[in-house]
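> Just passing along the structure, written as structure tokens.
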Amino acid sequence: MNNSKIKNIRKDVLSDNWYTLYKYTYEYQKEDGEWETQIREVYDRGNGAAILLYNKQKGTVILTKQFRMPTYLNGNPSGIMIEVCAGLLDGAHPEDCIKKEVEEETGYKIHHVKKVFESYMSPGSVTEILYFFIGEFDEQMKVGDGGGAEDESENIEVLEVLFHTALDMIKNGEIKDAKTIMLLQYASINNIFQ
């Protein structure tokens, strides 16, 4: 990290309960050359990976359904979100992480995934980069029920829906999760079902 427009960075820990919330105080050089002091809170939860599982023959995708407290607090009456399978890397390589998450959350053991892009999901306040994958599944890959890791209190319901139904779920507001919308739109733009 080397940006000549930033100096005198000070980092203070505000919270270290689940992940870490920092307060950064620094000087930033504006376009006119003047230096100004800026303060930002930055949440570091690590990086993650997400995947759209799809079956070309059936024209379906696998999605997950689970309760998300932050959405409940911000106007989602049930707190339930429909999402693609995803998880934090916790130090693992993105491809290894997403294969493990797929088996934990959906019960499918997949061997081949394709990274399609990566994105900062909320760059104004969160450090996380999310690695996006797609991967084909079939019934022979089913090795368990899924539902999430027992020690993570996930309580995940696995859904298999037609691809065009999933796209309609974006339009009618059933799917409001950014990573899920991004992967479904990627699949649509790139005609992965053809």
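> Determine which member of the set 186, 108, 131 is out of contact with any Ser or Thr (no Cβ under 8 Å at 6 or more places or on another chain), within 30 Å of residue 24 (Cα to Cα) and of a type in the set (Phe, Trp, Tyr).
131
Every residue, every condition in (1) acidic (Asp, Glu); (2) more than 18 Å from the chain's Cα centre (by Cα), yes or no:
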| site | (1), (2) |
| --- | --- |
| 127 | no, no |
| 139 | yes, yes |
| 173 | no, yes |
| 182 | no, no |
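> Which strands (runs of 3 or more DSSP E) does segment 84-194 wholly contain that include 2 or more residues that are closer than 15 Å to residue 56 by Cα?
In segment 84-194, the matching strands (runs of 3 or more DSSP E) lie at 129-136, 157-162.
> Inside segment 96-120, can you point out the residues that are more than 19 Å from residue 144 (Cβ to Cβ) and surrounded by 17 or more Cβ atoms within 10 Å (Cβ to Cβ)?
Correct list: 116 only.
> Looking at (1) touching a helix residue (DSSP H, G or I) at 6+ places or on another chain (Cβ under 6 Å); (2) farther than 19 Å from residue 170 by Cβ, find the lone condition where residue 101 falls short.
(1)
> Quick test of your reading of the structure: residue 90 fulfils all but one of (1) modelled with pLDDT of 95 or more; (2) of a type outside the set (Ser, Thr, Tyr); (3) assigned by TED's automatic domain parsing to the domain that holds residue 165. Name the failing condition by number.
It is condition (1) that residue 90 fails.
> Determine whether residue 84 is buried (at least 21 other Cβ atoms within 10 Å of the Cβ) and assigned by TED's automatic domain parsing to the domain that holds residue 143.
yes
The values are calculated or read from the model by the stated rules, or taken from the named source; none is laboratory data. Just so it is clear, the model here is predicted, and its values are computed rather than measured. Neighbour counts are summed over all protein chains in view; Cβ atoms, including those assigned to glycine, are modelled from backbone coordinates with ideal geometry.
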